[in-house]
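Q: So that we are looking at the same thing, I have put the structure below in structure tokens.
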Amino acid sequence: MREKLEEGFDFIAGLRSGCDTLGLPSLDVAAEERLVAYFRELKHWSRKINLISRGATDQEILVKHFLDSLTLLPLLSGERVHLLDIGTGAGFPGLVCKAVDPTLKVTLVEPRLKRVSFLRHVVRTLGLSDTSVLACRVEDEEMLPADLGFTHITSRAVSEIKAFLDMSHRFAGPGVQVICMKGPKWEEELTAWKDSASPAGFTLHSRTEYVLPVFRGIRNLLVFEPVVCEE
């Protein structure tokens, strides 16, 4: 049974308007249809398991989860992109980006088994290939070895820049980019990271700021690259 949308809410119209407001590329019809299917499955499964905030409106889900995730997509450029999404939860941002661009290779890491079941269901429902859902924590070197060829690493679940860079360090070879998705307090976290013993391993490559439509939430994408030591 397809989950009903709230009265008066048009997911695709909101998606198109949001992408335009954020300056993101327009999506093709197939991508829009995959996101609608994903959205409906998310609403349906959320009636039974904890995937998103209880009581979130359709508009909030679209903006704060789907559009927020899509701000990552312009950074996933290059050949043979392989995105590692740590603590992906209900698939944000990694599975949303994959639904829009099926050419991406994506590894989703999520320790909570009910959420893993949901993610695997969505992957099957959308017919996505090159998508791995690992039921483990990022520290599990047996299930998540460091040599899987990741080109980009991200997470919306890790609260601080320092903690995320520390846990990403074992995957960070030459050319790998670590993308921190942060709110308006990014400068405080960046200062705390610089004042710690960790900053020698990475350098800040770029920062992009977005203001999410409707709710006006400020999002910053900070891209870090590993420091390569020359012999």
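Q: Can you pull out every residue in the range 187-212 that is more than 12 Å from LYS162 (Cβ to Cβ), surrounded by 13 or more Cβ atoms within 10 Å (Cβ to Cβ) and touching an Asp or Glu at 6+ places or on another chain (Cβ under 9 Å)?
A: LEU204, TYR210, LEU212, listed by residue number.
Q: Taking the criterion of being more than 23 Å from THR154 (Cβ to Cβ), surrounded by fewer than 18 Cβ atoms within 10 Å (Cβ to Cβ), among the hydroxyl-bearing types (Ser, Thr, Tyr) and at pLDDT 95 or above, would at least one residue in the range 13-25 satisfy it?
A: Yes; the residues of the range 13-25 include at least one that is more than 23 Å from THR154 (Cβ to Cβ), surrounded by fewer than 18 Cβ atoms within 10 Å (Cβ to Cβ), among the hydroxyl-bearing types (Ser, Thr, Tyr) and at pLDDT 95 or above.
Q: Does the range 85-95 include one or more residues that are under 22 Å from GLY127 (Cα atoms), among the acidic types (Asp, Glu), surrounded by fewer than 20 Cβ atoms within 10 Å (Cβ to Cβ) and in contact (Cβ under 8 Å) with a residue 24 or more places away in the chain?
A: no
Q: A follow-up question, please. Which helices (runs of 4 or more DSSP H) does the range 1-90 wholly contain that include 3 or more residues that are aromatic (Phe, Trp, Tyr) and farther than 21 Å from GLU209 by Cβ?
A: In the range 1-90, 29-46 are the helices (runs of 4 or more DSSP H) which contain 3 or more residues that are aromatic (Phe, Trp, Tyr) and farther than 21 Å from GLU209 by Cβ.
Q: Is one or more of the residues making up the range 50-70 touching a strand residue (DSSP E or B) at 6+ places or on another chain (Cβ under 8 Å) and touching a residue at least 24 places away in the same chain (Cβ under 8 Å)?
A: yes
The values are calculated or read from the model by the stated rules, or taken from the named source; none is laboratory data. What you are looking at is a predicted structure, and each value in this text was computed from that prediction instead of being measured. Because the Cβ atoms are built from the backbone with ideal geometry, glycine has one as well, and the counts that use them run over all protein chains shown.
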